Amino acid sequence: MILPVFFFLSLFDTDCAGENAMAVFPSDRDTTAPNEISIDNFAFNPKILTAKAGSKVTWRNRDDTAHKIQSSDNRFQASPVLDTKGLYSVDFREGGEFPYFCSIHPVMQGKIVVAR
């Protein structure tokens, strides 16, 4: 008796049979909430975030190393050291530009632009 090729291959390919199938969901790295800045691979994303006055902006550390958010002109309080998965939020009540950087890795820089 000759078996069809598909049947023969499915005996050895458990993924084809569905036994090792996995559901694929977007990871935390694929989504960023409004007014959220992701820290990943030693970079802020987005590098420039525009928000409305009265908005809360949150930094989320998705990197494997610690980071610390520091206002370039001391217009908002510095964050504590953010370990992996750490969060830090600031309420921006007034309009303007708010440059910031990581005080542990100063080459990492970004800016919040708050519209009135």
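Nothing in this text is a laboratory measurement; each read-out follows from the coordinates by a stated rule. Values in this document were obtained by computation on a predicted structure and should not be read as measured data. Quick reminder, even Gly has a Cβ in these numbers, built from the backbone with ideal geometry, and neighbours come from all protein chains shown.
Please give the length that would be gained between D91 and Q70 if that part of the chain were fully extended, namely 0.36 nm times their separation in residues minus their C-alpha to C-alpha distance (nm, one decimal). If you can, show how the numbers build up before the last one.
Details: separation 21, 0.36 × 21 = 7.56 nm, distance 1.45 nm.
Between D91 and Q70, full extension yields 6.1 nm more.
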Self-check item: Protection proxy ranking, peptides 62-70, 75-83, average beta carbon neighbours within 10 Å, highest first
Solution: 62-70, 75-83
Quiz prompt | Rough spin-label spacing in nm, given labels placed 7 Å along Cα→Cβ, for K111 and T84 | solution = 3.3 nm
Practice problem: Mind computing the radius of gyration and Dmax over the alpha-carbon atoms of segment 28-115? Å is fine for both. | Solution: 11.7, 33
